[in-house]
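Below is one structure, written out as structure tokens, with a few remarks after it.
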Amino acid sequence: MDTRTALALVLGGLAVYLAYYHPVLGAAIGIGVVVVTLLLSLLEK
């Protein structure tokens, strides 16, 4: 497992934890992840 995968797993776990205990913050994190993913996919092309 490389560093990027480990970091992604840790951040994903943190996001799930926050979404469970603070749904509004979890929704904001989820939207942010979607936006960043879309931007990265657009920049790769």
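Please treat every number below as a calculation from the coordinates, not as lab data. Values in this document were obtained by computation on a predicted structure and should not be read as measured data. Counting neighbours? That spans all protein chains shown, and the Cβs are built from the backbone with ideal geometry, glycine included.
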Just give me the residues in the range 17-45 being surrounded by 10 or more Cβ atoms within 10 Å (Cβ to Cβ), assigned to a helix (DSSP H, G or I) and more than 9 Å from the chain's Cα centre (by Cα), in sequence order. TYR17, LEU18, ALA19, PRO23, LEU25, GLY26, ALA27, ALA28, VAL35, LEU38, LEU39
Does LEU7 satisfy the criteria of being hydrophobic (A, V, I, L, M, F, W, C), on the phi < 0 side of the Ramachandran plot, exposed (fewer than 11 other Cβ atoms within 10 Å of the Cβ) and within 11 Å of the chain's Cα centre (by Cα)? yes
Condition check for ALA8: among the hydrophobic types (A, V, I, L, M, F, W, C) and touching a residue at least 12 places away in the same chain (Cβ under 8 Å): no
